[in-house]
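Please read the structure below before turning to the comments.
The values are calculated or read from the model by the stated rules, or taken from the named source; none is laboratory data. Just so it is clear, the model here is predicted, and its values are computed rather than measured. Positions of Cβ are backbone-derived with ideal geometry, glycine not excepted, and every protein chain shown enters the neighbour counts. In case anyone asks, the SASA skips ligands and DNA or RNA and just uses the protein heavy atoms, side chains included. Shrake-Rupley method; radii C 1.70, N 1.55, O 1.52, S 1.80 Å.
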Amino acid sequence: MDKYGLEEQPEHSLSSAIQELDPVEIAPLFVGNPYDPEGQPIPISFSNATINPDTAIDLARRSMSGEQLSEDDGDFMSYATHSDGYAAVPHYEFFFPMAKALLDADIRDVSGEFRCYDNGAQVHGEVMFQDAESQLNLPDDRDPLFVGLSVGNSYDGTCAMYAQGYAMDTTCTNSMRSLTDRKSRKHIGEPSEVAEWWDEVLIQMTALRDILGEIIEEALEVEVDFLNQPYDPEEFYEHLGLPSYLARAAATTARNRSPQEGGTRTVMSFWTLHSGLTSALTHDFNGTSEVGSIETYSQIAKELLFNPQRMIGEVKSSYERQQRQDEAVDERTLEQNIAMIEQYEVTLDDRKEEFEEFENHMNGLLTNPAEN
């Protein structure tokens with residue numbers, strides 16, 4: 001993992017970190033004939049393999065010295081098998097044009113990290129723009145946000161090449177992931193074609209920063225009083241689909257942060273609720289994958305920030321469903337509790353269109369730049 005600190009001296013420049021990422025080549029595949037076990041393996045044309053050429057060179061030297069290689073060596077050399085239409089795009093050829101585009105845009109003060117998995121087959125990471133023009137300064141002298149990109153590429157088919165809006169809340173160094181839809185490209189065609197869209201991506205960063213600032217200001221104004229709701233903050237997160245340990249971590253952070261954001265431990269803004277969840281995902285999430293549940297939970301965090309009304313509606317539906325499954329629940333009490341949620345829900349109706357407009361605009365930033 002190559003990491004860039006927000007304050008400490010980075011271990012690598014962006015350019016040198018990119019050059020440290022593992023390379024890739026396409027290799028032919030052969031099939032052994034089970035009816036001719038002593039015969040030569042037969043080449044096939046409809047599949048190929050992605051391999052690590054540096055590992056392949058080392059194995060070639062060992063083989064030429066007379067060493068007998070094993071299946072483990074072949075597994076270590078190979079990333080995956082693919083159809084013959086697969087175009088392997090080296091991490092270098094995908095990320096280096098990004099670094100060049102940053103220089104061309106005179107964005108030189110960056111930080112972030114690359115996370116490598118499965119012998120370099122997958123790379124995911126973030127690049128944050130720390131120049132003064134790219135920072136998002138929040139109201140009332142709050143710590144700034146650094147706007148940037150989540151990026152990724154793979155050799156094993158786990159993900160397409162992608163870029164996605166990202167920010168870091170420096171108050172608690174929380175990662176704000178999935179701020180926009182992914183701009184992605186499949187591994188087909190010529191690898192050189194991936195370079196051309198980085199310029200478009202960077203152009204949208206200014207728009208992302210400005211719109212995100214408006215969204216956060218709105219989320220700071222939208223508060224929920226948990227004393228007037230039939231669930232506490234931890235149950236609120238659980239009703240959104242979070243596992244108990246994450247809900248507990250998110251609720252603890254939200255309670256502690258709320259007084260700093262102008263609220264109390266029971267009256268919280270949706271910015272605080274969003275921050276509680278991003279903190280839990282950044283510091284407490286116990287998964288190991290960059291895809292799957294972490295993406296689902298990051299979407300929930302984004303929805304808390306972009307569309308509070310929708311989130312309250314989902315919480316209400318989950319609460320009612322859960323209560324009706326309990327035969328001991330008093331129907332009259334349940335109706336009163338649902339009415340409490342609906343009463344608060346009505347206060348958000350006037351902002352419904354505004355929330356949806358923000359959400360649609362942010363989602364389309366990278367994927368439809370010509371329309372923004």
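May I ask you to list the residues of the range 151-172 whose amide nitrogen lies under 16 Å from a point 7 Å from Cα along the Cα→beta-carbon direction of D54? Inside the label zone: 155.
The candidates V329, V151, V346, arranged from most to least accessible area with a 1.4 Å probe in the full protein assembly, appear as V346, V329, V151.
When the Cα positions of I215, Y237, H274 are compared along the charge dipole of the chain, Y237 comes out farthest toward the positive end, with charges on each C-beta of Lys, Arg, Asp and Glu. With the simple model of a label 7 Å out from the Cα in the direction of the Cβ, E196 to Y245 spans 4.7 nm. Applying both filters, DSSP loop and at most 16 other Cβ atoms within 10 Å, to the GluC sites (Glu not before Pro) of the range 98-162 gives E133.
Remark: the chain carries 49 Å² of accessible area per residue (probe radius 1.4 Å; ligands, DNA and RNA excluded).
Each label was represented as a point 7 Å from its Cα along the Cα-to-Cβ direction; for N360 and D75 these points are 5.1 nm apart. The length gained by stretching the chain between R351 and S63 to full extension, at 0.36 nm per residue less their Cα-Cα distance, is 96.9 nm.
The modelled label-to-label distance between L334 and S184, using points 7 Å beyond Cα along the C-beta direction, is 4.0 nm.
If I take every Cα pair under 8 Å that is 6 or more residues apart in the chain, average their sequence separation and divide by the length, what percent do I get for the relative contact order? Across the chain, relative contact order equals 13 percent.
With the convex hull constructed from alpha-carbon coordinates only, the range 231-372 shows a mean projected area of 10.2 nm² over all directions.
Exposure check, 1.4 Å probe, all protein chains in place: T206 carries approximately 70 Å² of accessible surface. With Cα atoms defining each centre, the range 83-139 and the range 293-372 are spaced 33 Å apart in the structure. Accessible surface of K186, taken over heavy atoms with a 1.4 Å probe and every protein chain present, rounds to 150 Å². The order of I215, I203, I57 by accessible area, most exposed first and with a 1.4 Å probe, is I203, I57, I215. Each peptide in 72-79, 318-325 receives the mean, over its residues, of other Cβ atoms within 10 Å, and ordering these scores from highest gives 72-79, 318-325. The accessible area of D54, taken with all protein chains in place and a 1.4 Å probe, comes to roughly 100 Å².
Give the calculated FRET efficiency between E217 and S16 to the nearest 0.05, with a Förster radius of 51 Å applied to their Cβ-Cβ distance. With R0 = 51 Å, the Cβ-Cβ based efficiency is 0.85. Taking A247, A56, A101 as the candidate residues, the one with maximal mean-square fluctuation in a Gaussian network model of the chain, Cα springs under 10 Å, is A56.
To the nearest 0.05, what FRET efficiency results for E314 and I44 with a Förster distance of 41 Å applied to their C-beta separation? With a Förster radius of 41 Å, E is 0.25.
Ordered from largest to smallest accessible area (heavy atoms of protein chains, 1.4 Å probe), the residues C116, C159 come out as C116, C159. When +1 charges are put on Lys and Arg Cβ atoms and -1 charges on Asp and Glu Cβ atoms, the dipole computed for the chain relative to its Cα centre reaches about 300 debye.
For the Cα trace of the range 90-155, dividing Rg by the Kirkwood Rh returns an Rg/Rh value of 1.07. Report, to the nearest 10°, how far helix 198-221 tilts away from the longest principal axis of the Cα atoms in the chain, using its own Cα long axis and a range of 0 to 90°. The angle comes out at about 20 degrees. Which FRET efficiency, nearest 0.05, do D106 and D232 yield, Cβ-Cβ r, R0 35 Å? Here the calculated transfer efficiency is 0.10. If you wrap the tightest convex hull around every Cα atom of the chain and split its volume per residue, you get 182 Å³.
Relative to the first principal axis of the alpha-carbon coordinates of the chain, what is the inclination of helix 352-363, with its axis defined by its Cα atoms, in degrees from 0 to 90 and to the nearest 10? So the helix axis and the longest Cα principal axis differ by about 20 degrees. Computed over the range 27-77, the Cα gyration tensor eigenvalues convert (square root of 5λ each) into semi-axes of 21, 16, 9 Å, ordered from largest to smallest.
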